[in-house]
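S.K.: Please read through the structure below; I'll follow up with questions.
The values are calculated or read from the model by the stated rules, or taken from the named source; none is laboratory data. Here the structure is a predicted model, which is why all the values come from computation and not from measurement. Every residue, glycine among them, receives a Cβ derived from its backbone with ideal geometry; neighbour counts consider all protein chains shown. Side chains are part of the model used for accessible areas, which takes the heavy atoms of the whole protein and leaves out ligands, DNA and RNA. Shrake-Rupley method; radii C 1.70, N 1.55, O 1.52, S 1.80 Å.
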Amino acid sequence: NYKSAMKLPCGITVSSPKQNEQISFPFTVKGYAGGCGWDPVNYGDVGTVDVIGQNGLVLSRTKIKTKDQVGDTPYYFEAQIDVPAGFIQDSGMFIFRNAQTGINTKEYQVPVLFKTNI
């Protein structure tokens, strides 16, 4: 199949944001998922992405959904993220969690820097 021919990794791949990228809000997260616990459930629900501030507080939580037909891997996603200006800190983390629960729960973290001169 084309997935193995292209050597796409199993799991989640986040193309935006990159690790330690400086970002401003609103921001669009992008990537793709497929296999290894990152398959969509409930009509294309891939999971969620949380924006965590440097103090550990959740600043935003957004659902991520596939833009593709379920069954067509990889599953590409895009989600618009926003955080109120008063809550933006110097740095933080995007935490992606899959849509499955229990022992099948997966997590992927991307540290980022926030542009605070908004």
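S.K.: I want to check the label-to-label distance for Thr101 and Glu21. Put each point 7 Å from Cα in the C-beta direction and report it in nm to one decimal.
M.R.: Going by the 7 Å Cα→Cβ label model, 3.1 nm.
S.K.: Still on this model: Taking 0.36 nm per residue of separation and subtracting the Cα-Cα distance, what length does fully extending Asp90 through Leu57 add?
M.R.: Numbers: separation 33, 0.36 × 33 = 11.88 nm, distance 1.33 nm.
Computed gain between Asp90 and Leu57 is 10.6 nm.
S.K.: At a 1.4 Å probe radius, carbon and sulfur cover how many percent of the accessible area of the chain?
M.R.: Values: 3320 of 6660 Å².
C and S atoms contribute 50 percent here.
S.K.: Accessible surface of Ile12 in the full protein assembly, 1.4 angstrom probe, to the nearest 10 Å²?
M.R.: 20
S.K.: So what is the accessible area of the chain per residue, in Å², with the probe set to 1.4 Å?
M.R.: On the way: 6660 Å² over 118 residues.
Per-residue value: 56 Å².
S.K.: Non-local amide H neighbours of Ile23 (under 5 Å, H modeled in plane, Pro and chain starts lacking H): which ones?
M.R.: Counting only residues 5 or more places away or on other chains, the set is Leu113, Phe114, Lys115.
S.K.: OK, next. Accessible area of Thr101, 1.4 Å probe, to the nearest 10 Å²?
M.R.: It works out to around 110 Å².
S.K.: What is the sum of charges, Lys and Arg at +1 and Asp and Glu at -1, for the other residues whose Cβ falls under 14 Å from the Cβ of Gln22?
M.R.: 0
S.K.: What does the charge add up to near Asn42, with Lys and Arg as +1, Asp and Glu as -1, over the other residues with Cβ less than 12 Å from its Cβ? List each step's numbers first, then the result.
M.R.: On the way: positive: Lys63, Lys65; negative: Asp39, Asp45.
Result for the neighbourhood of Asn42: 0.
S.K.: Here is a follow-up. Can you work out ³J(HN,Hα) from phi for every residue in segment 50-56, in order, using Karplus 6.51 cos²θ - 1.76 cosθ + 1.60 and θ = phi - 60°, giving whole Hz and x for Gly and Pro?
M.R.: Each residue of segment 50-56 in turn: 9, 9, 10, x, 5, 8, x Hz.
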